[in-house]
Amino acid sequence: MDELISSVWWGGLIASTLRVSVPLVLCALAATISERAGVIDLGLEGKMLMSAFAAAAAGAATGSLPLALLAALAVGLALAMLHGYACVSHSGDQVVLGMALSMIASGLSVVLGIAWFHQGGQTPPLPDSVRLAPWGLGLAAALQRLPLVGGVLGNLVGGGLLGHNLLVYGALALVPAVWWLLYRTRFGLRLRATGENPAMVDAAGLSVAALRYGALALNGLLCALAGGYLVLAQNPSFVPNMTAGRGYMALAAMIFGKWHPVSALWACLLFGFLDAAAIRLQGVALPAVLGGGAVPVQAIQALPYVLTVVLLAGFIGRSRAPAALGLPYLKDR
Amino acid sequence: MNQAVELPRWLDVVVLPLINLLLALLVCALVVAGIGLNPLQVLGLLVKGAFGSASGISYTLYYATTFIFTGLAVAVAFHGGLFNIGGEGQAMVGGLGASLLALWLDSRLPAPLMLPLMVVGGALAGMAWAAVPAALQAWRGSHVVITTIMFNFIASALLAYLLVNVLKEPGSMTVETRAFAESAQMPGMHTALAWLGIAPWPSTPLNLSLLLAIACALAVWLFLWRTRAGYELRVVGFSPPAAHYAGIRPKAQIMLAMAISGALAGLVGINELAGVQHRLLLDYVVGAGFTGIAVSLIGRNHPLGIVLAALLFGALFQGGAELSFEIPAFSRDMVTTLQGLIVLFSGAMARIAAPLLARIYGALAQRWRPRLQPGVSHG
């Protein structure tokens with residue numbers, strides 16, 4: 001347990017918490033926007049996975065970072081529009097559509113990967129020119145050189161908070177941006193009204209369908225960023241099913257954050273922290289006070305889902321979904 | 001779903017689902033062609049792999065067994081108005097329950113006692129795992145879709161924890177329990193057929209769980225359409241206000257639907273663990289819970305339809321496995337893709353073709369009416 005008092009260890013934990021949380025934050029924001037407009041999104045996983053593959057494939061083929069990101073965004077947007085076509089235009093079941101997207105993505109990404117790259121579904125490792133470079137390393141080194149506090153501050157702040165890539169800071173900056181969009185703009189007000197009482201929005205002369213399509217467009221782009229992050233920053237290449245349930249964890253975080261972008265951020269950071277801690281505590285013995293023995297890593301990994309269920313059950317606070325969530329809006333009724 | 005497109009019953013029940021299935025197959029064929037394979041050749045090899053030999057048919061039926069269980073699980077919940085995405089977790093916990101009984105009693109009980117006990121244990125464990133989300137839905141209003149998803153992840157963590165820390169055979173490198181004794185092994189179909197004098201049948205994973213699955217399908221049909229309790233369940237699913245008005249208690253119906261659903265999913269462990277692996281291990285469900293959604297959707301939530309759809313998916317999985325040996329560019333993931341496309345076209349977009357179909361039918365009916373009903377115009 002010596003690790004627990006070392007600032008390098010904590011700095012590393014902070015850094016990996018942030019890194020693990022980024023795709024969760026982006027997907028949770030995506031889900032917040034679409035669900036506030038009344039469209040359930042169980043397809044986060046699929047949108048993220050398919051755009052991760054698009055980014056990796058485009059990156060490997062062209063060697064260009066902008067093109068890789070563009071490919072991810074295009075695929076994310078296309079899947080979101082399919083979501084809209086089935087669920088907004090044709091009142092399809094939103095839960096079923098989400099499951100369909102996730103299944104298609106998990107199959108199709110591997111099928112195309114094998115056909116195009118012949119590496120068992122993986123893409124070749126992306127060259128450094130396609131990868132997102134870390135930012136703020138100079139500042140971290142400068143902190144390290146400070147007298148007295150330099151060591152601790154350098155390890156915690158420099159090692160933990162600085163030296164990440166642009167998307168990490170971008171994702172954090174998107175949280176207040178989405179909050180502002182939802183709560184301080186006319187579009188946001190209308191969007192939230194669409195999720196609560198679409199008939200009222202319709203009566204006000206606005207198009208419920210257009211608002212929901214708009215929400216889904218943002219949703220697709222955010223999922224695409226999360227997917228892009230997975231292959232351009234976190235992993236060296238695309239690996240089959242690399243999202244590994246993150247989409248569902250992000251959904252849990254959004255519910256845990258009570259459909260609010262800022263609360264969802266805290267939930268994502270909490271879940272990310274648990275995930276990062278579980279990896280780091282693998283094989284570490286519990287302190288004697290707690291009975292010794294290995295840390296039950298699986299228990300820590302299951303904690304986000306348990307917490308979400310407990311919250312949904314209304315035992316700690318109340319998490320209320322938008323009133324019209326999941327209900328297709330039919331104008332002539 | 002509520003779009004008021006009225007179709008004659010035969011169009012609605014037979015033609016529309018077939019159109020949706022064909023659309024999914026068509027898109028899949030485009031993908032197959034897109035990666036440079038000939039869709040017709042792939043289809044030919046797939047059918048040959050699935051039905052071309054006794055061994056192929058056996059494998060197809062073995063996969064179908066699991067899908068009958070998970071498909072029925074989704075369907076029963078659906079008739080109660082609930083979407084159970086937790087088949088995956090319920091199957092894991094069901095297998096865990098059956099395995100614990102086997103590990104505890106397999107040296108003491110003979111097979112005629114041990115195997116039924118495992119079936120009951122697996123069903124009860126799956127039922128218990130589904131009962132928690134059901135109770136939360138009934139009494140706390142937590143949406144069952146979300147809680148069952150969460151329970152899938154919790155089940156997977158629970159299974160991993162128990163296997164790694166408690167149940168793993170000491171000294172073994174692989175994460176699995178000791179093998180069950182013979183009394184806890186479901187006899188393979190080749191053994192059973194040999195008893196009846198039909199031999200030699202190739203030795204495959206197909207085992208007597210298939211009969212259990214068919215019995216379950218029959219039982220589900222009897223329950224839903226021939227009992228009062230099943231009728232009440234369907235009323236709740238069809239129209240909650242009507243059920244309320246008729247004095248049916250929705251909370252009890254939610255519990256009942258999810259309990260049966262979880263029990264059916266829990267039986268996957270009998271086919272996979274008692275029937276094939278003969279031990280408890282990680283990842284033996286591998287998405288069968290999700291395949292159950294697709295199976296239930298194309299089976300139109302009817303036991304007969306589900307058995308046929310499970311057969312289709314069994315053939316796809318078996319044929320897909322054979323194909324990936326023959327054509328390196330083809331992988332089993334194509335089957336996952338097709339499964340997703342089927343859920344898309346037969347589930348989420350199931351009614352999109354309905355208005356067009358109604359218009360075509362209307363036009364044709366108008367043109368043929370004089371000839372079809374000559375008596376009416378004369379009389």
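The values are calculated or read from the model by the stated rules, or taken from the named source; none is laboratory data. The structure presented is a predicted model; accordingly, all values stated were derived computationally and were not measured. Cβ placement follows ideal geometry from the backbone for every residue including glycine, while neighbour counts extend to all protein chains displayed.
Determine which single condition B:PRO39 fails, assuming it passes every other condition in (1) loosely packed, with under 13 Cβ neighbours inside 10 Å; (2) under 28 Å from B:ALA353 (Cβ atoms); (3) of a type outside the set (A, V, I, L, M).
Evaluating B:PRO39 over (1) loosely packed, with under 13 Cβ neighbours inside 10 Å; (2) under 28 Å from B:ALA353 (Cβ atoms); (3) of a type outside the set (A, V, I, L, M) leaves (1) as the failure.
What do you reckon, is A:SER129 more than 14 Å from chain B (Cβ to nearest Cβ), over 14 Å from B:LEU344 (Cα atoms) and touching a residue at least 12 places away in the same chain (Cβ under 8 Å)?
Criteria met by A:SER129.
Listed here are the residues, each with its yes/no results for (1) hydrophobic (A, V, I, L, M, F, W, C); (2) surrounded by 24 or more Cβ atoms within 10 Å (Cβ to Cβ); (3) within 14 Å of another protein chain (Cβ to nearest Cβ).
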site	(1), (2), (3)
B:ALA263	yes, yes, no
B:GLY266	no, yes, no
B:GLY269	no, yes, no
B:ALA274	yes, yes, no
B:ARG279	no, no, no
B:LEU304	yes, no, no
B:ALA309	yes, yes, no
B:LEU312	yes, no, no
B:ALA315	yes, no, no
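Scan the range A:99-115 for residues that are more than 7 Å from chain B (Cβ to nearest Cβ) and among the hydroxyl-bearing types (Ser, Thr, Tyr) and report the count.
Matching residues across the range A:99-115 total 2.
Quick test of your reading of the structure: A:LEU139 fulfils all but one of (1) within 14 Å of chain B (Cβ to nearest Cβ); (2) not in a loop (DSSP other than H, G, I, E, B). Name the failing condition by number.
(1)
Kindly list the number of the only condition in (1) modelled with pLDDT under 90; (2) within 14 Å of chain A (Cβ to nearest Cβ) that fails for B:ASP12.
Result: B:ASP12 fails condition (2) only.
Can you find a residue in the range B:112-129 that is within 13 Å of chain A (Cβ to nearest Cβ), under 28 Å from B:ARG249 (Cα atoms) and not charged (D, E, K, R)? Can you show your working first?
The first filter runs over the range B:112-129 and keeps only residues within 13 Å of chain A (Cβ to nearest Cβ), leaving B:129.
From what is left, the residues that are under 28 Å from B:ARG249 (Cα atoms) are B:129.
Among the residues that remain, those that are also not charged (D, E, K, R) are: B:129.
Yes, because at least one residue in the range B:112-129 is within 13 Å of chain A (Cβ to nearest Cβ), under 28 Å from B:ARG249 (Cα atoms) and not charged (D, E, K, R).
For the subset of the range A:62-88 comprising residues that are within 21 Å of A:ALA233 (Cβ to Cβ) and without any contact (Cβ under 8 Å) to a residue 12 or more places away in the chain, which member is surrounded by the fewest Cβ atoms within 10 Å (Cβ to Cβ)?
The residue in question is A:PRO66.
Within the range A:161-176, is even one residue out of contact with any strand residue (DSSP E or B) (no Cβ under 7 Å at 6 or more places or on another chain), of a type in the set (A, V, I, L, M, F, W, C), in a loop (DSSP other than H, G, I, E, B) and away from chain B (no Cβ under 14 Å)?
To start, the set of residues in the range A:161-176 that are out of contact with any strand residue (DSSP E or B) (no Cβ under 7 Å at 6 or more places or on another chain) comprises A:161-162, A:166-176.
Narrowing the set further to residues that are of a type in the set (A, V, I, L, M, F, W, C) leaves A:161-162, A:166-168, A:171-175.
Add one more test, that the residue is in a loop (DSSP other than H, G, I, E, B), and what stays is A:162.
Filter again for away from chain B (no Cβ under 14 Å), leaving A:162.
Scanning the range A:161-176, I find at least one residue that is out of contact with any strand residue (DSSP E or B) (no Cβ under 7 Å at 6 or more places or on another chain), of a type in the set (A, V, I, L, M, F, W, C), in a loop (DSSP other than H, G, I, E, B) and away from chain B (no Cβ under 14 Å), so the answer is yes.
Could you run through the range B:132-152 and say how many residues are more than 19 Å from the chain's Cα centre (by Cα) and either surrounded by fewer than 17 Cβ atoms within 10 Å (Cβ to Cβ) or under 16 Å from B:ALA265 (Cα atoms) (or both)? Don't jump to the end; show me each part of the working.
Filtering the range B:132-152 down to residues more than 19 Å from the chain's Cα centre (by Cα) leaves B:132-143, B:146-147, B:150.
Still in the list and also either surrounded by fewer than 17 Cβ atoms within 10 Å (Cβ to Cβ) or under 16 Å from B:ALA265 (Cα atoms) (or both): B:132-134, B:139-141.
Of the residues in that region, 6 qualify.
Among the residues of the range A:94-101, are any at pLDDT below 95, part of a helix (DSSP H, G or I) and under 24 Å from A:LEU172 (Cβ atoms)?
Looking for residues that are at pLDDT below 95, part of a helix (DSSP H, G or I) and under 24 Å from A:LEU172 (Cβ atoms), one finds none in the range A:94-101, hence no.
With the requirement that a residue be in a loop (DSSP other than H, G, I, E, B) and touching a helix residue (DSSP H, G or I) at 6+ places or on another chain (Cβ under 8 Å), what does the range B:188-209 give you? It would help to see each step written out before you state the result.
Let us first name the residues in the range B:188-209 that are in a loop (DSSP other than H, G, I, E, B), namely B:196-206, B:208.
Scanning the range B:188-209 gives B:ALA199, B:PRO200, B:TRP201, B:PRO202, B:SER203, B:THR204, B:PRO205, B:LEU206, B:LEU208.
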